[in-house]
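Participant: Mind having a look at this structure? Questions to follow.
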Amino acid sequence: MNLFRRTVIGLMPWVAACCVALPPAMAQGDRLAFGAGRVSLKPRGNDAAVPRAPFRTEAMLQRAAPTNQWYSSLIFSEKPENIYAQPLSFRPMPGGLEVALPTKAVVPTERRDVEIHYAHRNAITIAPVAFEPGRALLAGSSDWAIDITMGRGADRFEATVAHGSPYAWFRVGRGDLRVRLPAAGERVATADPRMLVLRLGGVAYALFGPTGVQWEAASATEWLARLPAGKGFLVASALPDDSAATQALLLKHAYAAVVDTRVDWKVDRATGEVQTSFTATTQPLEGSETTPLLGLYPHHWFRNASLDGRLGPAYDTVRGKVRLLAASSFRTSARYTGFVPFWPAVAEGTPRLAELRDVMKSDIRNARRMLLVEGEGPYWQGKGLLRLVKMLDVYEQQGDKDGSARLLELLKTRVEEWFSGNDRRRYFHYDRAMGTVVAYPEEYFSVVQMNDHHFHYGYWIRAMAEIALRDPAWAARGRWGDMVDLLVKDIAFAERGKAEFPFLRNFDPYEGHSWASGIGLGEHGNNQESSSEALNAWTGLILWGELQGDTALRDMGIWLLVTETEAVKHYWFDLYGQVFAPEYKNVDVSMVFGAKYAHNTWWIDDPRQITGINLLPMTTVSTYFASHPEYIRRNLASLKDEQKIWADRGKKVDPPDIWQDVFAKYLALADPAAALAAWDRWGAVELGDSRTHTLHFLLSLAELGAPDTSVTADTTLYQVFKRPDGRRSYLAFNAGKAPITVRFSDGRQLTVPPGQLARAGTP
């Protein structure tokens with residue numbers, strides 16, 4: 001990320017990133033070996049190929065393609081989609097780079113609710129006067145900013161845009177710059193001749209030129225920035241309000257051009273505190289001001305004591321208020337509240353224990369079929385693996401050794417079929433040119449559009465980590481564990497600027513959540529539907545890192561889990577009332593886009609599945625929902641009204657109680673007794689789960705109490721529960737090879753033998 005570092009202060013162009021080998025891999029013809037696994041180096045037969053991302057500079061082509069990001073459409077499409085940086089949006093066009101400040105639109109739907117849109121509309125266009133701009137290319141990227149070049153031949157025309165920034169910084173190699181308006185704009189008086197403010201459709205666009213710039217009105221819809229010799233730059237912005245103080249603030253910081261952005265994280269093992277630091281590096285275009293204006297999202301500023309008294313004006317955006325901070329860095333803090341891989345046995349004498357044993361007998365008979373109920377690709381196969389792993393938990397804890405052994409063998413056999421590379425149809429493929437792993441048979445455009453890798457591989461990583469709890473030698477590096485490492489790198493590579501994989505493929509460090517679309521299709525930008533499946537992936541990273549003694553991977557997983565959880569609380573559930581528009585009628589959002597949020601799914605508008613897709617898979621990690629039990633009750637209550645509207649529209653779903661196990665578990669996090677009473681043994685079960693695991697989940701919480709996220713511990717794998725009478729239960733798992741003593745924040749201590757789950761508290 002160095003457009004201005006090389007064009008403003010004259011440093012040398014980037015040296016092309018060198019190719020990075022894939023350790024520990026060995027080429028064998030058209031395959032690579034990873035331990036006992038094999039990965040194809042090309043698709044087989046008529047299988048679709050990974051798409052190319054040609055719209056990058058030569059230097060960027062030496063890196064792995066940054067798919068699944070807020071700007072990924074830029075590198076794939078001949079006609080890129082809108083780029084939503086918040087608060088501004090951008091679109092490269094043949095005539096130049098469009099800049100807009102999206103404003104709210106309330107859009108009614110056939111579902112009898114509304115969507116909230118902040119689409120790219122009424123944009124101004126910045127372009128060179130002396131030459132026609134070329135096709136936009138990605139020229140650089142850092143953790144939350146990108147460089148775009150639209151030069152033609154030897155002529156340069158470049159821009160830097162960043163998440164949260166109220167500015168875009170433009171550079172032209174020769175001549176002046178043109179500003180085109182979609183309609184006649186009204187000029188607003190300013191105190192500084194470098195500044196041009198134009199009011200257009202309720203938005204005040206502010207343009208900042210170098211000292212000596214001459215602003216010339218070529219027509220009612222076109223202005224020219226006549227640039228002094230040697231000062232070929234312009235800064236474009238939009239004002240959050242009309243005050244003179246805001247004008248002065250944006251003028252003061254406009255010339256501090258961002259040249260690099262970086263996010264860093266730190267996990268305090270003793271307290272569970274997760275700190276994130278955001279740092280922007282700048283170079284002044286003129287003058288001595290080097291402090292940038294950073295736009296902070298709600299998950300940055302809400303309840304952040306380190307920002308008290310420091311925040312300035314705010315933009316109204318699709319993410320809520322983006323508040324300005326004059327600083328080169330800031331930090332956030334959140335707590336990791338833990339999880340354990342599984343819960344202990346349901347004790348003898350527990351009501352409905354006989355029922356649990358009955359469903360266990362039924363499920364073990366159908367276990368093989370449960371591995372392949374819906375699809376044959378990596379998503380449904382991954383769900384099948386986790387389904388059996390969660391059953392395995394119960395059979396082990398309840399002392400069914402034969403059932404446990406059968407499930408473990410089924411799991412290993414299926415994994416080996418995929419990882420070995422010997423199966424005729426099911427295999428993984430590494431694409432060197434793009435820096436990615438894809439799997440066949442393809443599901444949900446995971447190859448041709450690079451979609452959903454964190455969803456798909458998250459199930460595999462989580463399942464493999466839990467198999468490794470039982471048989472570490474089988475899952476070790478040198479055997480099947482190398483394949484897990486490969487999938488981890490595909491979705492969460494920790495290094496920047498490499499050819500092997502992109503940095504954090506799916507995760508957006510500044511937005512605080514993941515994106516699902518690989519190529520960024522759609523006028524509303526990238527999107528993510530199932531936030532809960534993203535969190536499942538980060539859980540897998542934590543568990544795999546803990547088992548392997550890889551503290552860096554474990555801590556990265558914790559940071560990803562905690563950060564995305566905070567974003568989900570704001571942008572999917574609006575738990576703190578800072579994001580959803582007053583006109584929005586639903587309690588939750590199921591689809592978050594760069595420029596809209598909606599209550600729908602990609603495949604059906606059934607209210608149960610709309611809500612449930614952001615809950616599943618319901619496992620021991622899902623206790624993060626329990627921090628707001630009142631919201632759980634409100635969400636489930638609203639679901640009844642939504643179902644009535646759906647039925648009034650003449651809609652039906654089969655079965656009518658679809659995913660009733662998901663909702664029973666969800667309710668159990670707030671009211672275990674009510675959830676257990678409501679669950680129907682003979683009712684529907686989501687295809688990623690089983691009756692065995694559901695009933696064990698419900699019986700466990702009925703005994704332990706609802707999860708208590710107010711108590712933390714000085715270890716990775718732990719959980720605390722609290723019964724209605726106030727008595728707590730404490731769980732901790734030791735993935736190491738020596739005993740540990742776990743210290744909880746309320747003073748309780750628990751000694752845990754190696755490889756064991758220990759419990760203290762309420763009997």
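Participant: Any chance you could count how many residues in the stretch 175-200 are assigned to a strand (DSSP E or B) and among the acidic types (Asp, Glu)?
Facilitator: Qualifying residue count, the stretch 175-200: 1.
Participant: In the stretch 330-373, which residues are out of contact with any helix residue (DSSP H, G or I) (no Cβ under 8 Å at 6 or more places or on another chain) and either crowded, with 20+ Cβ neighbours inside 10 Å or part of a helix (DSSP H, G or I) (or both)?
Facilitator: Once the filter is applied, which keeps residues that are out of contact with any helix residue (DSSP H, G or I) (no Cβ under 8 Å at 6 or more places or on another chain) and either crowded, with 20+ Cβ neighbours inside 10 Å or part of a helix (DSSP H, G or I) (or both), the stretch 330-373 yields GLY338, ALA354, ARG357, ASP358, LYS361, ARG365, ARG369.
Participant: Name the pairs whose Cβ atoms lie under 6 Å apart, with the first residue in the stretch 102-131 and farther than 19 Å from LEU207 by Cα, the second among the small types (Gly, Ala, Ser) and not in a strand (DSSP E or B), and 6 or more positions between them or separate chains?
Facilitator: ILE116/ALA581; TYR118/ALA595; ALA119/ALA595; ALA130/GLY175
Participant: Also, I was wondering about something else. Output the number of residues of the stretch 116-135 satisfying the condition of being under 28 Å from ARG199 (Cβ atoms) and of a type outside the set (Val, Ile, Thr).
Facilitator: Final tally of qualifying residues: 10.
Participant: Could you check the stretch 582-679 for helices (runs of 4 or more DSSP H) lying wholly inside it with 2 or more residues that are touching a residue at least 40 places away in the same chain (Cβ under 8 Å) and surrounded by fewer than 18 Cβ atoms within 10 Å (Cβ to Cβ)?
Facilitator: So the answer is 629-648.
Participant: Ok, one more. Run ALA65 past the list (1) surrounded by fewer than 23 Cβ atoms within 10 Å (Cβ to Cβ); (2) assigned by TED's automatic domain parsing to the domain that holds SER89; (3) outside any helix (DSSP H, G or I); (4) among the small types (Gly, Ala, Ser) and report the number of the one that doesn't hold.
Facilitator: Checking ALA65 against (1) surrounded by fewer than 23 Cβ atoms within 10 Å (Cβ to Cβ); (2) assigned by TED's automatic domain parsing to the domain that holds SER89; (3) outside any helix (DSSP H, G or I); (4) among the small types (Gly, Ala, Ser), the one that fails is (1).
Participant: Filter the stretch 241-289 down to residues that are of a type in the set (Asp, Glu) and outside any strand (DSSP E or B) and give me whichever is farthest from GLY512 (Cα to Cα).
Facilitator: Among them, the one singled out is GLU286.
Participant: Still on this structure, I have one more. Evaluate the following for VAL172: is it out of contact with any Pro (no Cβ under 9 Å at 6 or more places or on another chain) and not charged (D, E, K, R)?
Facilitator: no
Participant: Here's a follow-up. Going residue by residue through the stretch 534-541, is there one that turns out to be surrounded by fewer than 23 Cβ atoms within 10 Å (Cβ to Cβ), more than 14 Å from the chain's Cα centre (by Cα) and modelled with pLDDT of 95 or more?
Facilitator: Scanning the stretch 534-541 turns up no residue that is surrounded by fewer than 23 Cβ atoms within 10 Å (Cβ to Cβ), more than 14 Å from the chain's Cα centre (by Cα) and modelled with pLDDT of 95 or more.
Participant: When ASP689 is evaluated against the numbered criteria (1) closer than 21 Å to LEU561 by Cβ; (2) surrounded by fewer than 18 Cβ atoms within 10 Å (Cβ to Cβ); (3) in contact (Cβ under 8 Å) with a residue 40 or more places away in the chain, which criterion, by number, is the only one it fails?
Facilitator: (2)
Participant: Same structure, new question: Need pairs with beta-carbon distance below 9 Å; first residue within 16 Å of ALA280 (Cβ to Cβ) and within the stretch 314-329, second surrounded by fewer than 22 Cβ atoms within 10 Å (Cβ to Cβ) and of a type in the set (D, E, K, R); sequence gap 6+ or separate chains.
Facilitator: As it stands, the answer is VAL322/ASP316; LEU325/ARG310; ALA326/LYS252; ALA326/ARG310; ALA327/ARG310, since those pairs meet every condition given.
Participant: Out of all the residues in the stretch 431-446, which are touching a helix residue (DSSP H, G or I) at 6+ places or on another chain (Cβ under 8 Å) and either part of a loop (DSSP other than H, G, I, E, B) or modelled with pLDDT under 95 (or both)?
Facilitator: Answer for the stretch 431-446, where residues must be touching a helix residue (DSSP H, G or I) at 6+ places or on another chain (Cβ under 8 Å) and either part of a loop (DSSP other than H, G, I, E, B) or modelled with pLDDT under 95 (or both): GLU443, TYR444, SER446.
Participant: Another question, then. Scan the stretch 604-611 and tell me whether some residue there is farther than 22 Å from LEU667 by Cα, touching an Asp or Glu at 6+ places or on another chain (Cβ under 9 Å) and basic (Lys, Arg).
Facilitator: no
Participant: State whether one or more residues within the stretch 690-697 are more than 20 Å from THR619 (Cβ to Cβ) and either β-branched (Val, Ile, Thr) or in contact with an Asp or Glu (Cβ under 7 Å, 6 or more places away or on another chain) (or both).
Facilitator: no
Participant: Additional query: Could you grab me the full set of residues in the stretch 211-227 that are among the hydroxyl-bearing types (Ser, Thr, Tyr) and in a strand (DSSP E or B)?
Facilitator: Listed by number, the list holds a single entry, SER219.
Participant: So LEU407 fits all but one of (1) surrounded by fewer than 19 Cβ atoms within 10 Å (Cβ to Cβ); (2) farther than 23 Å from ARG52 by Cα; (3) at pLDDT 95 or above; what number is the exception?
Facilitator: The one condition LEU407 does not meet is (1).
Participant: How many of the residues in the stretch 374-404 are at pLDDT 95 or above, assigned to a loop (DSSP other than H, G, I, E, B) and in contact with an Asp or Glu (Cβ under 8 Å, 6 or more places away or on another chain)?
Facilitator: Result for the stretch 374-404: 1.
Participant: A further question on this structure: Would you mind telling me which numbered condition in (1) of a type in the set (A, V, I, L, M); (2) more than 24 Å from GLU78 (Cα to Cα); (3) assigned to a strand (DSSP E or B) ALA159 fails?
Facilitator: Of the numbered conditions (1) of a type in the set (A, V, I, L, M); (2) more than 24 Å from GLU78 (Cα to Cα); (3) assigned to a strand (DSSP E or B), the odd one out for ALA159 is (2).
Participant: Using beta carbons and a limit of 9 Å, which pairs, at least six apart or on different chains, have the first residue in the stretch 178-204 and under 18 Å from ALA254 (Cβ atoms) and in the same structural domain as PRO240 (by TED's automatic domain parsing) and the second one at pLDDT below 95 and basic (Lys, Arg)?
Facilitator: Listed pairs, sorted by first residue: none to list.
Participant: Going by the conditions given, is PRO292 surrounded by 20 or more Cβ atoms within 10 Å (Cβ to Cβ), over 30 Å from GLY232 (Cβ atoms) and of a type outside the set (S, T, N, Q)?
Facilitator: no
Participant: I'd like to verify a number: residues in the stretch 123-156 that are surrounded by 18 or more Cβ atoms within 10 Å (Cβ to Cβ) and part of a loop (DSSP other than H, G, I, E, B), how many?
Facilitator: 10
Participant: Go through the stretch 744-763 and report how many residues are among the charged types (D, E, K, R) and exposed (fewer than 15 other Cβ atoms within 10 Å of the Cβ).
Facilitator: Within the stretch 744-763, residues that are among the charged types (D, E, K, R) and exposed (fewer than 15 other Cβ atoms within 10 Å of the Cβ) number 1.
The values are calculated or read from the model by the stated rules, or taken from the named source; none is laboratory data. Keep in mind it's a predicted model, so treat the numbers as computed, not measured. Please note: Cβ atoms are built from the backbone with ideal geometry, for glycine as well, and neighbour counts cover all protein chains shown.
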